[in-house]
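Q: Quick one: structure below, then a few questions.
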Amino acid sequence: MIRVLLVDDQTLVRQGVRSLLGFAEGIEVVGEAEDGETALAQIAADHPDVVLLDVRMPVVDGLEVLARLRRMDGAPPVLLLTTFDDDAVALDALKLGAKGFLLKDVRLEILVDAIRTVHEGRTLVQPALTERIVRSLTDAADRDPADASDLASGGIEALTDRETEVLRLLVAGWTNKRIAQALELTDGTVKNHVSRILAKLGVRDRTRAVLKAIESGLVGAGG
């Protein structure tokens, strides 16, 4: 059973999400909080498996909750669920450790899959949102290439030519299988390349690898 804490300042939203998740097998809502301060106290006391967190809240907002959780041992994965389609907020949330970012208009099955995904230690961001974040990062690098160069050389172990090639295809949104077919490699070889890329970039999943690669100026959006 995945134990979920709902954090949203709107009572109706919390009640609605709780009711919907009641239909999901293997998921249990174990608490609710109407602001970030209350949420942090409940996380420390109840140790939920996953936190569904709103961004805009009184007292302490969602980004501040993420910042404080980074200093907490054993903090649960956080999935941001918000009405604000804001790329800058999404990027800030990912940098602060959010494992997922969804808009509140998603279907129940997508929300349930997202909860299970972040509970398993993976990251989930809606593809359209990821593409816009990547594009905005690329635009920023184009405006200040010197800054991007500094980031690229800041503690990132050099990638081989093949790893860079694989990374470009990851940025373009290609799956391991499609990369393997394009480069005439086995699926296992591509998986090993991806693992080494993650290790060299100091990240734990593909989404963060893409974001770091673009932000650091290693590759451009779409390769």
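Q: Can you list the HN-Hα couplings for region 206-212, worked out from phi with the Karplus curve (6.51, -1.76, 1.60; θ = phi - 60°), rounded to whole Hz and with x for Gly and Pro?
A: In residue order, the calculated couplings are 5, 4, 5, 5, 4, 4, 5 Hz.
Q: Quick one: which residues, 5 or more positions from Ala33 or on another chain, have an amide H under 5 Å from its amide H? H modelled 1.01 Å from N in the peptide plane, none for Pro or chain starts.
A: Correct list: Leu6, Val7, Asp8.
Q: I want the local charge near Leu66. Using Cβ-Cβ distances under 13 Å, sum +1 for each Lys or Arg and -1 for each Asp or Glu among the other residues.
A: Local charge sum for Leu66: +1.
Q: Describe numerically, in nm with one decimal, the distance between label points set 7 Å from Cα along Cα→Cβ at Arg107 and at Leu12.
A: 2.5 nm
Q: Hey, another quick one. Compare the peptides 64-72, 205-213 by average per-residue count of other Cβ atoms within 10 angstrom and give them in order, highest first.
A: Those peptides, ordered most packed to least, come out 205-213, 64-72.
Q: Given H placed 1.01 Å from N in the peptide plane, which residues other than close sequence neighbours of Leu80 have an amide H under 5 Å from its amide H?
A: Long-range HN contacts for Leu80: Leu53, Lys99, Gly100, Phe101, Leu102.
Q: Amide H to amide H, which residues 5 or more places from Ile2 or on other chains are under 5 Å from it, using H placed in the peptide plane?
A: Placed amide hydrogens put Ile27, Glu28 under 5 Å from Ile2.
Q: Here's another thing I want to ask about it. Net charge within 12 Å of His47 by Cβ-Cβ distance, Lys/Arg positive one each and Asp/Glu negative one each, not counting His47 itself?
A: For residues surrounding His47, the net value is -2.
Q: Can you give the local net charge around Leu159? Use residues other than it whose beta-carbon is closer than 13 angstrom to its beta-carbon, Lys and Arg +1, Asp and Glu -1.
A: +1
Q: How many Å³ per residue does the convex hull of the Cα positions in region 2-125 occupy?
A: Looking at region 2-125, the number lands at 89 Å³ per residue.
Since every read-out is calculated from the coordinates, none of them should be taken as a lab result. What you are looking at is a predicted structure, and each value in this text was computed from that prediction instead of being measured. Note that we place each Cβ from the backbone using ideal geometry, even for glycine, and neighbour counts take in every protein chain shown.
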